[in-house]
Structure formats: structure tokens, C-alpha cells
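Undergrad: Take this structure first; my questions come after.
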């Protein structure tokens, strides 16, 4: 039977310098960008967008697998309720219930996927201002402008904000659905359904592009990068899942007792989680390998069960000198290597 791993999506950030200009018509060769920061208290990734008329700034927690965006909506003169019989309502897969009287609202099942609290919300459409990245390959300059689009999202009550980063007014759903923000952007721009998410331990970006290799961001991605396909999950079709063939520590394959597993990519879990039996095998093998490298184990610090001393660890360009973890994906030639920078959390002692 397949087991599941749950991985925080964590990559090194790419840095860019931008200038601010006045809004202008959207150029289909440009990209739309959301700047992301990591909240130090909750470890959630958050971004800011402007919604409604007048435009109000809203902080949102980024949910990679979220089925659609939802907010605690503020009064807006441009907001309108989506009718329950509309195509947009059908795409949102509203919660089935008995409508009464003249109620034409599109009610959808809205969930805070961090606290797993869910409640009924109303599907609405309103203006959203998004930063646009101008391709400056000819002039050598880059700029950000703002463009307005109409988007559908769920209006949820204040109660659903519990557990989000301080000041957050909702969640930015980027999942594999017709109503996710990425799908709505692609539909409005008649572009490919693809986007780039690049996160570090402190910041990052979510970028939507048309796939032009000449773009400023995409040219920074090496052509030699290894890719792996997404897996369709019947029970969670909106999530981003990839296959896992095996796990190796310092090149040695672990005996996990499974033929094939799954990895779910997430931005709403603070640390990697594993099924308990896999975790037990993993930590035992990791400690043995670390000990052979003269790395000393120390008392654990919550919420972690296995910690090591860094006093005699000089570190490397890829973080602390610790056993490398390889996630072998669809074949032995395709692997996700995790070095100390992304496998270790430093505990600062007072």
C-alpha cells in the first residue's frame, strides 16, 4: 500500500531589483507577480494584494493546494454576488444544500486548511489589483506596474481567520482547480496554465508567465534542471503530488517496506511530516549516518525529536555538514537532494 510524505515546498530564492511605474495595459509577454514573505511566528508564507473599490490592501496566507482564494471581505462598491446557476458557481463546486425562497447566492464550502475549520461562504466577484512584471530584455531594465482584473473568491466570516498569521484576511488558493487564482489568471490572459513558485526560509515569489523563454525570471532557471510529473489524486485532486520511489541517506537506500509512495507539496505545514513507521526508520538511519560522521546528538528541542550539535560543524556552501537526503522520484536518475540548509533548523541558544 502506498504511503504518503508531506513536504514543505522550500527552494532557494532568486533575487531581482524592480522599479515602480504607473499602471499600463497588460502586455501578454509580461508576467504577474506576488511577493511572498515568511511570517516568523506561524511560519506561514504570506503575500499582499489589493481588492475591491476602493482598493484595500489584504494580507493572505499562501496555500499551494488551496482550491480557491477566500477572504474576510470588506465593503466594496464593485463587488457582486455570483449567481448559484452560473458557470462560475458550477466551477466552484458549491456545497449541495436546499435553497429557499429567492436566495440566488452561490454558497461554497470554504476551509481554513491550516486549522481544518470549514464554514459556508458566498462566492463573489470583485476587482483585484496584481503586480505586473515588464520584460526589460531590450532595455536592460525591469519594472512593476499594477493591473486590475475581475476574480471570483469566497467571502468568509471572521471566525475562519483563526490560526492565520497576524493580520491575514484569508488564504490565496493556488491549487489544481478551475477556481484557483492561477487558473483564473490563465483563463483571463488566455495563457498556459503554469506558474512558478520560489520560496526560501524568509521570502519568495509566485510568478505567472506565458512560458516565453526570453522572460527575465525564466532565463535564470537552468535548462539542465530535472523535472518530475504531477500525480492525479482522486481523493485530493486539488493538491500537487509527485511519486516517490525510495529515500536515501548519504546514498544508502532505506528499507521502508513499500513499493511506491507519494509526496504532497505544501506551503501550509511548517516542517516536513512523515507517516510514523517511515519516520521511525528514517530517524534511526539518519542518526547512524550522522554518528559515523562524528556528529553528536543532543537533547531534542520541541517540536523535533532528533537534534545534533553544531559546535564542531564548520558548515558548507549548502548548509551544515550533515547526511544528504535523496528523494528518488520516478527513476534513479531523477532525485530531489536535500542538503543541510533545508534539512536542519538552527536553534539559537541564549
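Undergrad: May I ask you to verify whether residue 106 is modelled with pLDDT of 90 or more, in the same structural domain as residue 41 (by TED's automatic domain parsing) and touching a helix residue (DSSP H, G or I) at 6+ places or on another chain (Cβ under 7 Å)?
TA: Working: modelled with pLDDT of 90 or more: yes; in the same structural domain as residue 41 (by TED's automatic domain parsing): yes; touching a helix residue (DSSP H, G or I) at 6+ places or on another chain (Cβ under 7 Å): yes.
Answer is yes for this residue.
Undergrad: Where the second residue is surrounded by fewer than 12 Cβ atoms within 10 Å (Cβ to Cβ) and in a loop (DSSP other than H, G, I, E, B) and the first is assigned by TED's automatic domain parsing to the domain that holds residue 276 and free of Cβ contacts under 8 Å to residues at least 40 places away in the same chain and lies in region 296-320, which pairs have Cβ atoms under 6 Å and are six or more apart or on separate chains?
TA: Taking only residues 6 or more apart or on different chains, the pairs are 296/309; 298/309.
Undergrad: Consider region 311-336. How many of its residues are surrounded by 12 or more Cβ atoms within 10 Å (Cβ to Cβ), at pLDDT 80 or above and in a strand (DSSP E or B)?
TA: Residues meeting the conditions: 10.
Undergrad: Name the residue, out of 289, 267, 296, that is within 30 Å of residue 164 (Cα to Cα) and in contact with a strand residue (DSSP E or B) (Cβ under 7 Å, 6 or more places away or on another chain).
TA: Answer to the selection: 267.
The values are calculated or read from the model by the stated rules, or taken from the named source; none is laboratory data. If you're wondering where the values come from, they're calculated on a predicted model, not measured in any experiment. Virtual Cβ from ideal backbone geometry, glycine too; neighbours counted across all protein chains shown.
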